Each structure stands twice: as structure tokens, then as C-alpha cells.
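A.B. asks: Encoded as C-alpha cells, here's the structure I'll be asking about.
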Amino acid sequence: MSQDSKAWGGRFLEATDAFVEAYTASVAFDQRLYPFDIQGSVAHANMLASVGILTDDERKSIVGGLEQIQQEITDGEFVWSVSREDVHMNIESRLVEIIGDTGKKLHTGRSRNDQVATDMRLYLRDAIDQLLEQEQQLLNAILDKAAEHTDTIMPGFTHLQAAQPITFGHHLLCWFEMLKRDRDRLLDCRKRVNVLPLGSAALAGTTFPIDRQMVATELGFAEVSENSLDAVSDRDFIIEFCAVASMTMGHFSRWSEELVLWMSQQFSFIDLPDRFCTGSSIMPQKKNPDVPELIRGKSARVTGSLITLLTLMKGQPLAYNKDNQEDKEPLFDALDTLRDTLTALNGLIPAIEARADNMRKAAAAGFTTATDLADYLVRLGIPFRDAHEVVGQTVAFAIRENRALDELTLPELQQFCQLIDEEVFDILTLEGSVAARNHFGATAPVQVTAAIARSRARIQ
Ligand code: ARG
């Protein structure tokens, strides 16, 4: 393509080097912005007509041309051209081909700098709205699964050592809280995305009497950007999204690590249906939890996007620099990864089959009711630190005897503290242990049931 057919070709005396053309082009990855580029252009044209910069016939012609382009793209007939560099110039050049010189008036009072910032905000806002839906669905799925397991007993862990008995429902509600905060962060991030940059033009604003509020209203933006330099150079709305997405994926990675552990022969706490697992090409017996493993793995690329974007922005002087074109691939990759991961989890979570017998067995091993015994001694009047010591000696004895605490006899227990009586055997049971943790936020089945009811209301 000759230079005079480039939108900016006027001042150039020789053609762009072919490699440079390819190196600087973004159309391969920014074409997915097209519905929002068109939407922004329609709003811009409507505004230009309303303030008298375009006639209504020109406006109609431009809008008609843009609608045709939208159709061509969705029909797969649109020819994307690298020499037209990016999504914006591909669409604008095609508009001129379709409607002639009137198409050249669309860019009045606008720059690609405010155009691309607008497209990115529209694109991200739309993607966030879809993610919010998926997260809402997942939060409900967790509550449903927790409701099935309000009194399913499992070991709670610290240092990956069985620590105290908990209910599986309580464990799942922990996941709920993590994701609930992630979703709240996403909602909050959306507020800073939902600001209109258009009208900032290249960096300083425009000499035309534009009506930015009209454009904001048409595009559904809650605010108009305050500062034109900021509007074209700021990408922290993208960094913020990637930070939220990284944290969300980090949470999913932790869940996945648990699912992988629980699927192992050593734990055998859960089973996942075959449709979520894959086999080994050499070991016929294997059923691998590939989906959770990949979720754990894919969290790395989202964190990678965040680091890429933080690094991309940190050395840039104001205002727009071409560096900013590098914001797209990390954002799109983070968005796609989070979306697909949510799709996977929305299938996976409802399909978890708890193996309650194995969970219970694991909770019974490892002296997990030792704290209950210490608390019981405190209720008999023994200071907690002394009670801790007594129970420590009791556990050491039980280890030597190779028996659980509730398998010791009363006289054996009384060797360590004379005050112990028959009631001790109620508090040493797993059911007694979880039921005794009966306050707001704790693991007792009645508390888990109440927390599920509260949480349903919290996500309405
Ligand atoms: N493709 C560019 C980007 O993604 C569009 C803005 C180009 N502006 C410019 N002055 N070269 O950032």
C-alpha cells in the first residue's frame, strides 16, 4: 500500500518498511475490539451531528456505513489488513470505501488515542459484566454444595497436619468468602473502568465544540474523564482489573491445590466425575485431576499479565505512547483465562462428590480433639496453659499406646488429671467437637446452616 493511502501518510516521503509495518501493527489482536470501536464511532458521529459539525445526512451515512461494516465482520466477510495497522484504521478505511469522502469526517475532533482508550473501557466493562454473572453463579454453586455438607465432618488443617475437626460445609464457605471478596473487588474496579475518555483527542482536547456528556450518556459511562492527558495515558483501570483477576485466580489456584490433594489416594476425600479428568498414556490405572491442575497452572499467566502491565506503564512519560498498544494481549489473555476458568469451576464445583467416610476417618486420626480436651479441663478450673501441658502428656501416652484419645479408659485419662470424669467422652467425639464451636463464624453445623442462609441474602 502506498503512503498516501495511510491515514497519516501526508508527511511521509517513502513507504513504511514492510517489517516495521508488521512490527507496529496491532490488528491481529485488537480486532476483537470491533463492536466497541463501532459503538464508540456511532456515538461520536451522533454527537458531531448534534453540535452541528456533521449534517444529519452525513451522520446517517456514517452510521449506515458502520452498521454495514459490523455486519461484514460478523459475517466473516471483512478483510483485515495489516497495512491498515489497527482495528480503528481498518474500520475507518473501509468506511471511506463504502460511503466515500463523508467517511473521512468521522475522525473530526477525535484521535486514535482517545478512541482506543474508549474501546478498551467499553470492552473491559462488557467483559466484567459477564464475569460478574459467572462469579454469581459460582457463589451459588458453592452455597448449594455447602448446604449438602453442613454436618459432614473432615479434618481442618494447619501446616497440612490434621488440626481440628470441621465440617466440609464450613470449608466450602471459606471458598465462598474468598470469591465473594473477589467479586466485590471486581464490582469496585468496574467503577473506575466506567469513565469516558473520548473527547480528550490526542492529548489536549479539541478545538471543536464537542458535547462529551452526550457521548457518555449514549455509551452508558457514569462519568466523563476530568483530564485529557490522564484519559489517553492511563491504563491503571487495566492494571487494576488484572490485579483483581490475579487475586481471583490465586484463590482458584488454592482451591485447585486442595482438590488435587483430596483426589489423591492418600486423602481420598472426594471424587470428580470422569468427564473432568483425564488418563495417562502409559499408566492404565490413572485418573488425573487435570482441570484443577490447569487452573492452578493458568493462574500463573494472569499474574504474568499483571506484572507485564505494571512494567509496561512504569517508565512512560505523559501522555500517549505506542507502548500502550502492548496493553491488549495481556489484558485479553487474563480475561479469557478467568472466563474459561470460571466456566470450568461452574461445572466442577457442583460435581464434587465428597467421600464422607474417608473424611471422617481422617478427622478421627491425629488427635484432632486434643484442643477440646484442653478446653474441657479449663472448664474444670485448670488454667489453659496447664491444661495444654496435661493434654500434651495425654497425647504422648496415646501415641505410645497407638490409640486415639477416646479409646483411652477413664482411669488412664485420670492419670494426667484427677478431675476428669465420664463426660469427657462426649467432648472427645468428632460430632461433639464441631457442635461445640457454636458461635458466629465457627464450624458447628447450626452455624454453617445459618451462614449459608445469610450468604444467600448477601449475594442477592
Ligand atoms: N493501535 C494503537 C493502540 O493500541 C491505537 C492508538 C494509536 N495512536 C497513535 N498515536 N499511534 O494503542
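Values in this text are rule-based calculations from the coordinates and carry no lab data. All values reported here derive from a predicted model rather than from experimental measurement. Note that each Cβ is placed from the backbone with ideal geometry, even for glycine, and that neighbours are counted across all protein chains shown.
A.B. asks: Suppose each label sits 7 Å from its Cα in the direction of the beta carbon; what would the ARG275-ASP144 distance come out to in nanometres?
C.D. replies: 1.3
A.B. asks: Net charge around ASP271, counting only other residues with Cβ within less than 11 Å of its Cβ (Lys, Arg = +1; Asp, Glu = -1)?
C.D. replies: Charge balance in the 11 Å sphere: 0.
A.B. asks: Within the stretch 8-59, list the GluC sites (Glu not before Pro) lying in a DSSP loop whose Cβ has at most 13 other Cβ atoms in a 10 Å radius.
C.D. replies: Taking the stretch 8-59 and a limit of 13 other Cβ atoms within 10 Å, the loop GluC sites (Glu not before Pro) found are GLU14.
A.B. asks: Further question on the same structure: For the chain, return all DSSP H helices satisfying: extent of Cα atoms along own axis at least 30 Å; mean Kyte-Doolittle hydropathy at least -1.0.
C.D. replies: Flagged H segments are 112-148, 168-193, 236-263, 290-314, 328-351.
A.B. asks: Then there is this: Which number do you get for Rg(Cα) / (2.2 N^0.38 Å) in the chain?
C.D. replies: Here the Cα radius of gyration is 1.36 times the empirical estimate.
A.B. asks: Given 25 °C and 0.890 mPa s, compute D for the stretch 104-214 with the Stokes-Einstein relation, Rh being the Kirkwood radius over Cα pairs; round to the nearest whole µm²/s. Display every interim value, and only then the final one.
C.D. replies: Values: Rh = 17.8 Å.
Result for D is 138 µm²/s.
A.B. asks: Same structure again: To the nearest 0.05, what FRET efficiency results for ARG11 and GLU329 with a Förster distance of 35 Å applied to their C-beta separation?
C.D. replies: With R0 = 35 Å, the Cβ-Cβ based efficiency is 0.70.
A.B. asks: When the scattering of the stretch 350-452 is computed by the Debye formula from its Cα atoms alone, each counted once and equally, what is log10 I(q)/I(0) at q = 0.15 Å⁻¹?
C.D. replies: At q = 0.15 Å⁻¹ the computed log10 ratios are -0.67.
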